[in-house]
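Engineer: First, the structure itself, so that you have it in front of you.
The values are calculated or read from the model by the stated rules, or taken from the named source; none is laboratory data. Note that the structure is a prediction, hence the values are computed from the model and not measured. For neighbour counting, all protein chains shown are included, and Cβ atoms are generated from backbone atoms with ideal geometry for every residue, glycine included.
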Amino acid sequence: MERKVRVRFAPSPTGALHIGGVRTALYNYLFAKKHGGDFLLRIEDTDQTRFVPGAEEYIIEALKWLKIEAVEGVGFGDGPHAPYRQSERKPMYKQYVMQLIEAGYAYYAFDTAEELDGMRERLKASNVDAKYDAITRGTMKNSLTLPEDEVKRRLEAGDAYVVRIKLPRKEEVKFHDEIRGWVSFNTSQMDDKVLYKSDGMPTYHLANVCDDYLMNISHVIRGEEWLPSAPLHVLLYRYLGWEEVMPKFAHLPLLLKPEGNGKLSKRDGDRLGFPVFPLQWQDPNTNEISSGYRESGYLPEAVVNLLAFLGWNPGTAQEIFTMDELAEAFTLDRVSKSGAKFDQNKAKWFNQQYVRMMKNEDLAIILQKVLDEKGLSNKFDAAYVLETARLVKEKISFTKELWDYSNYFFQNPTEFDQAVIQKRWKDNSKQVLSDIKSTIETLESFNHEEVEKAYLTALEKNGVPSKDFLQLFRVCLTGVAGGPPLFEMAALFGKNNTVDRIDYAINTLGK
Ligand code: GLU
């Protein structure tokens, strides 16, 4: 029988969740959804020294904002495998460490920090790779070198110890990665990692493997930085007798700097002015604030869509996907092996596409709020605001840009784009404007076709080609050089207001 797909996102609460982490969560979520499986959120907080207050809440809030919802896990409701926070699962791990020690796959080590440093110094001095391994462990204080009764005495006396995995000296560990194919490591390159400490806390490696086993995880989909840990995990499954149910591994490519030279970091975001975190984050130690996609005006659907494409593609030209469509299309074999370069312009482009898909009514609500704040609401009716939103929609990438692009709909311009004025204002411009104005004044119905006709009539009368004057006319009506279709805007401004705007331009520019 096919195994039920169960995947997990297992972040450590050591700070704000980087968008690379969000992408890992998303791919897990999509994979689960595609296969009718479960997506879990497990918090890996065994390293209490790296615990950062607020980080766990941040992770949950970010996933909820993006609708990357877990079916079980911290913040999403308990399931049959609760608790989902490793610190709360502490008592569960001891039996597995004991099992490993009894089977000869792990051992106690009593070395002090000074002794470990001493070993590293000695080895470095003789140019040998400084690690606790099959060779060096023979020179250290552990249950493989100390007499049995001393080990017993130390354990009974409550001496501090760690439990290390006992790796074979030279053994090839091979496993199949769903993205990379066959991967192999040699234990000669690895060290006897600490699995457990005498305070009863497991380390990441042990807790991670035990929990994946206990939670019936079928696929481990995680960042490439965990690839070097995978052979150790494979050995743990083997030594614990769980090889049969070992999850399949898939290591995702790194998210790279826009230039492609190295991993995308918080500093790149600061340097280039884009967020690398889903939500704004204030570091509780330094109080430093880092920007977030949410606060920068990104729509959650756009963030999901852009993250999905950082390292995966559907193999077709389609770029805009809903979450359901992504889940439908997502396969691990279309995840690339090489790193994905972050492209800030593409990120904006995605948001722009989603803003364009928003209902005009919803944009109008946002715009109305700005007008309320500015005390301009009672001058404009709902239909005016709605039509403004419709016209401006194509111009913006973020909803927070609505006001920047529409302020002249609500306030007649008092300043004019000087570059355009200098280039386009001619001796006859005042006359042309006056003629446009008087033609407009005669109009009975004031819609964009009529306004355009009036404009063309006045230009013809003055022998000025339409396109030569259009930009100047735009600047006269709006103050700025670009924007939505001009005659549609004028139709919205209305006859009186359009005439006022032309008058003001004549008086100011025609002096
Ligand atoms: N706790 C690890 C992290 O912070 C989880 C790695 C894994 O998914 O196995 O990314």
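Engineer: Is there any pair linking a residue in the stretch 1-13 that is within 15 Å of E72 (Cα to Cα) to one that is within 7 Å of the ligand (Cβ to nearest atom) and in a loop (DSSP other than H, G, I, E, B), with Cβ under 9 Å and at least six apart or on different chains, and which?
Structural biologist: Every condition considered, the pairs that remain are A10/E44; P11/E44.
Engineer: Restricting attention to the stretch 311-332, does a residue exist that is under 13 Å from the mean Cα position of the chain (by Cα) and either part of a loop (DSSP other than H, G, I, E, B) or surrounded by fewer than 17 Cβ atoms within 10 Å (Cβ to Cβ) (or both)?
Structural biologist: As a first pass, look at the stretch 311-332 and keep what is under 13 Å from the mean Cα position of the chain (by Cα): 311.
Retained after the next criterion (residues that are either part of a loop (DSSP other than H, G, I, E, B) or surrounded by fewer than 17 Cβ atoms within 10 Å (Cβ to Cβ) (or both)): 311.
Looking for residues that are under 13 Å from the mean Cα position of the chain (by Cα) and either part of a loop (DSSP other than H, G, I, E, B) or surrounded by fewer than 17 Cβ atoms within 10 Å (Cβ to Cβ) (or both), one finds at least one in the stretch 311-332, hence yes.
Engineer: Can you tell me how many residues in the stretch 194-223 are acidic (D, E), surrounded by fewer than 23 Cβ atoms within 10 Å (Cβ to Cβ) and within 11 Å of the ligand (Cβ to nearest atom)? Break it down into steps so the answer makes sense when it comes.
Structural biologist: First, pick out the residues of the stretch 194-223 that are acidic (D, E): 199, 211-212.
Subset that is surrounded by fewer than 23 Cβ atoms within 10 Å (Cβ to Cβ): 199, 211.
Going one step further and asking which of them are within 11 Å of the ligand (Cβ to nearest atom), we end up with 211.
Final tally of qualifying residues: 1.
Engineer: Starting from the stretch 491-508, keep only residues that are among the hydrophobic types (A, V, I, L, M, F, W, C), then list their pairs with residues that are surrounded by 17 or more Cβ atoms within 10 Å (Cβ to Cβ) whose Cβ atoms are within a distance under 6 Å, requiring at least 6 positions of separation or different chains.
Structural biologist: What qualifies is A491/V451; L492/E387; V499/K437; I502/L433; I502/K437; A505/C476; I506/L433.
Engineer: From (1) more than 17 Å from the chain's Cα centre (by Cα); (2) surrounded by 13 or more Cβ atoms within 10 Å (Cβ to Cβ), pick out the condition that doesn't hold for K346.
Structural biologist: Result: K346 passes all but (1).
Engineer: Look at G37 and say whether it is more than 10 Å from the ligand (Cβ to nearest atom), in contact (Cβ under 8 Å) with a residue 40 or more places away in the chain and of a type outside the set (A, V, I, L, M, F, W, C). Spell out the reasoning first.
Structural biologist: Values: more than 10 Å from the ligand (Cβ to nearest atom): yes; in contact (Cβ under 8 Å) with a residue 40 or more places away in the chain: yes; of a type outside the set (A, V, I, L, M, F, W, C): yes.
In short, yes.
Engineer: So T414 clears everything in (1) surrounded by fewer than 16 Cβ atoms within 10 Å (Cβ to Cβ); (2) within 26 Å of P465 (Cα to Cα); (3) of a type in the set (S, T, Y) except one condition, right? Which one?
Structural biologist: That leaves (2) as the condition not met.
Engineer: Among the residues of the stretch 241-266, which ones are at pLDDT below 95 and over 15 Å from the mean Cα position of the chain (by Cα)?
Structural biologist: E259, G260, N261, G262
Engineer: Just for the stretch 119-150: of the residues that are more than 49 Å from the chain's Cα centre (by Cα) and either aliphatic (A, V, I, L, M) or not in a loop (DSSP other than H, G, I, E, B) (or both), which one is surrounded by the most Cβ atoms within 10 Å (Cβ to Cβ)? Walk me through how you get there before you give the answer.
Structural biologist: Of the stretch 119-150, the ones more than 49 Å from the chain's Cα centre (by Cα) are 146-150.
Next, from what is left, pick out any that are either aliphatic (A, V, I, L, M) or not in a loop (DSSP other than H, G, I, E, B) (or both): 146, 148-150.
Values: L146: 18, E148: 8, D149: 8, E150: 13.
Out of the qualifying residues, it is L146.
Engineer: Could you please let me know if L167 is part of a loop (DSSP other than H, G, I, E, B), in contact with a strand residue (DSSP E or B) (Cβ under 7 Å, 6 or more places away or on another chain), more than 16 Å from the ligand (Cβ to nearest atom) and over 30 Å from L17 (Cα atoms)? Full working, then the answer.
Structural biologist: Details: part of a loop (DSSP other than H, G, I, E, B): yes; in contact with a strand residue (DSSP E or B) (Cβ under 7 Å, 6 or more places away or on another chain): no; more than 16 Å from the ligand (Cβ to nearest atom): yes; over 30 Å from L17 (Cα atoms): yes.
Spelling it out, it is not the case that L167 is part of a loop (DSSP other than H, G, I, E, B), in contact with a strand residue (DSSP E or B) (Cβ under 7 Å, 6 or more places away or on another chain), more than 16 Å from the ligand (Cβ to nearest atom) and over 30 Å from L17 (Cα atoms).
Engineer: For the stretch 215-231, indicate whether the set of residues that are in contact (Cβ under 8 Å) with a residue 60 or more places away in the chain, in contact with a Ser or Thr (Cβ under 8 Å, 6 or more places away or on another chain) and in a helix (DSSP H, G or I) is non-empty.
Structural biologist: No, that holds for no residue.
Engineer: Exactly one of (1) more than 13 Å from the ligand (Cβ to nearest atom); (2) surrounded by 15 or more Cβ atoms within 10 Å (Cβ to Cβ); (3) in contact (Cβ under 8 Å) with a residue 60 or more places away in the chain is unmet by N305. Its number?
Structural biologist: (3)
Engineer: Within the stretch 453-480, can you find the residues that are assigned to a loop (DSSP other than H, G, I, E, B) and surrounded by fewer than 15 Cβ atoms within 10 Å (Cβ to Cβ)?
Structural biologist: Of the stretch 453-480, the ones assigned to a loop (DSSP other than H, G, I, E, B) are 463-465, 479-480.
Result: G463, P465.
Engineer: I'd like the residue in the stretch 275-300 that is polar (S, T, N, Q) and assigned to a strand (DSSP E or B) and, out of all such residues, is nearest to E401 (Cα to Cα).
Structural biologist: Looking only at the stretch 275-300, we keep the residues that are polar (S, T, N, Q), and these are 280, 282, 285-287, 290-291, 296.
Applying the additional criterion that residues be assigned to a strand (DSSP E or B) yields 282, 290.
Values: Q282: 25, S290: 21 Å.
Selected residue: S290.
Engineer: Within the stretch 385-396, is even one residue modelled with pLDDT of 95 or more, closer than 28 Å to L310 by Cβ and in a helix (DSSP H, G or I)?
Structural biologist: Scanning the stretch 385-396, I find at least one residue that is modelled with pLDDT of 95 or more, closer than 28 Å to L310 by Cβ and in a helix (DSSP H, G or I), so the answer is yes.
Engineer: Considering only residues that are assigned to a loop (DSSP other than H, G, I, E, B) and of a type in the set (A, V, I, L, M), look in the stretch 3-20 and name the one that is farthest from the ligand (Cβ to nearest atom). First the steps, then the outcome.
Structural biologist: First, the residues of the stretch 3-20 that are assigned to a loop (DSSP other than H, G, I, E, B): 3-5, 10-18.
Still in the running and of a type in the set (A, V, I, L, M): 5, 10, 16-17.
On the way: V5: 16, A10: 4, A16: 13, L17: 10 Å.
Across the stretch 3-20, the extreme among qualifying residues is V5.
Engineer: Tell me which residues, restricted to the stretch 224-243, are more than 10 Å from the ligand (Cβ to nearest atom), touching a helix residue (DSSP H, G or I) at 6+ places or on another chain (Cβ under 9 Å) and closer than 15 Å to E178 by Cα.
Structural biologist: P231, V234
Engineer: Still on this model: Would you be able to say whether some residue in the stretch 244-255 is away from the ligand (no atom under 16 Å from the Cβ) and surrounded by fewer than 19 Cβ atoms within 10 Å (Cβ to Cβ)?
Structural biologist: Taking the stretch 244-255 as the starting set, the residues that turn out to be away from the ligand (no atom under 16 Å from the Cβ) are 244-245.
Subsequent filtering for residues that are surrounded by fewer than 19 Cβ atoms within 10 Å (Cβ to Cβ) retains 244-245.
Yes, that holds for at least one residue.
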